Amino acid sequence: MKKGNERGLVFSFTFMAFLLGTTEYIIVGLLSEIAASLQITLAVAGSLVSGFAIAYALGTPVLMTLVSRLPKKQTILAAIALIVVFNLFSAVSGTYGLMLFTRVATAVLCGLAISLSLSAVSEVVTPAKQGKSVSYILGGFGIANVLGVPIGTFVGQHFEWQAAFILTAVMGVAAFVLNLMVIPSNLTNTKASLKEQLRLLADRRIILAFLIPVFGTGAVFSIYTYIRPLMDQVMNISAASVSWVLLAYGLATIFSTWLGGLVASGNALGRLRIVFLVQAAIYVLFFFAAPIPVLGLVFLILSACVSNILNVTAQLYLIELAVEHSPGSRDFAASLNPVAANTGIAGGSALGGVVVGTSGLAALSWTAAGIALAAFAVTAISYRLKQRSVHRKAQAAAA
């Protein structure tokens, strides 16, 4: 693919990731308004968030296998178009049941769209540029946190919450047109059978690779989910400063995704082991620094700077393993990292809730550190298995 076309494709997919991230996260800033409008409790409204993550995790790989033989460009465009439709349905939802249905459907479509786009990048972008390209695309989710969610929240609070979903639908139309113009029509679709694709899940290296983002993302969200009460009750951050801290945190996660592109080049798994050890150390130090506002902020932002480094390496490693064991399962493998990340979000948030209920907010630092060490362990094992595989191939080539 020509250099200019590669840039256009990456930009288009990055904008799409911004749309998908805004679609997923926007509801967090509008929970109170939605709960009041639908006449449900905040706890029930919260299930619209967890339901999205669970549907994403469970539904994406299933849908990927069902559409695996369809043309990739048309499938991506169809997913974006349906996301627009379901965002509009969300805007007119008058009951909790309808709202939950639209969120679940949207979640699976978001998973399909981002998985196919990442698979397309691994197919058409030159290998030397894949790490940076994936980091830019995944950075779209970080930009959604920094820009999309605050803008959507502002719109929803000043023009009723339904207006925020109409805004995401308009963004979806723009993403559809952009992708229509730049996605090449000659992308390959999966040739593997459903049985062959699912067989990947029986490979221990695939399972270990899947667990890397589960634990890595779980560590982040075990503490990030409760960042607001942490700032209020442990770090003693003033209410007026909360928005600025969240903005700084969001910017740091974008920087983290960029760092992930650098880590993904060369000895990626070896470097990622060190990242998880550093992450665990930061969380431990945060426990001691949190009561001192300035020091607590330093370690909170440092934790954000390492939070997304794993994503690019995990994504490319899963695709690499799929190509090695079953080349026709590339698309299915591309869906596993987003699925694993959402599994980590759900699991980390749930475990964090248990810890808060039993040991208090301050104990979250130790929880996050422990999960980060689990991520280190599975990454170290994956690294050792990869080295053995490389050694065996070298011996076979020399024989």
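The values are calculated or read from the model by the stated rules, or taken from the named source; none is laboratory data. Source: prediction; values computed, not measured. Please note: Cβ atoms are built from the backbone with ideal geometry, for glycine as well, and neighbour counts cover all protein chains shown.
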Residue count for region 271-302, restricted to those that are out of contact with any helix residue (DSSP H, G or I) (no Cβ under 7 Å at 6 or more places or on another chain) and either among the charged types (D, E, K, R) or closer than 26 Å to Ala209 by Cβ (or both): 2
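Results for (1) surrounded by fewer than 24 Cβ atoms within 10 Å (Cβ to Cβ); (2) modelled with pLDDT of 80 or more; (3) assigned to a helix (DSSP H, G or I); (4) not assigned by TED's automatic domain parsing to the domain that holds Val339, shown as yes or no for each residue.
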| site | (1), (2), (3), (4) |
| --- | --- |
| Ser115 | no, yes, yes, yes |
| Ala128 | yes, no, yes, yes |
| Phe141 | no, yes, yes, yes |
| Phe154 | yes, no, yes, yes |
| Phe165 | no, yes, yes, yes |
| Ala169 | yes, yes, yes, yes |
Suppose we keep only residues that are of a type in the set (A, V, I, L, M, F, W, C) and at pLDDT below 80 within region 333-349. Which one would you say is surrounded by the fewest Cβ atoms within 10 Å (Cβ to Cβ)? Ala346
Given the structure, is Ala268 out of contact with any helix residue (DSSP H, G or I) (no Cβ under 6 Å at 6 or more places or on another chain) and under 30 Å from Val134 (Cβ atoms)? no
Right, Ala35: surrounded by 18 or more Cβ atoms within 10 Å (Cβ to Cβ) and within 18 Å of the chain's Cα centre (by Cα) or not? no
Taking Val354 as the residue in question, decide whether it is in contact with a helix residue (DSSP H, G or I) (Cβ under 8 Å, 6 or more places away or on another chain), aliphatic (A, V, I, L, M), assigned to a helix (DSSP H, G or I) and assigned by TED's automatic domain parsing to the domain that holds Ser303. no
Suppose we filter Leu200, Leu285, Leu208, Leu272 for residues that are modelled with pLDDT under 85, in contact with a Ser or Thr (Cβ under 9 Å, 6 or more places away or on another chain) and not assigned by TED's automatic domain parsing to the domain that holds Ser135; which single one remains? Leu200
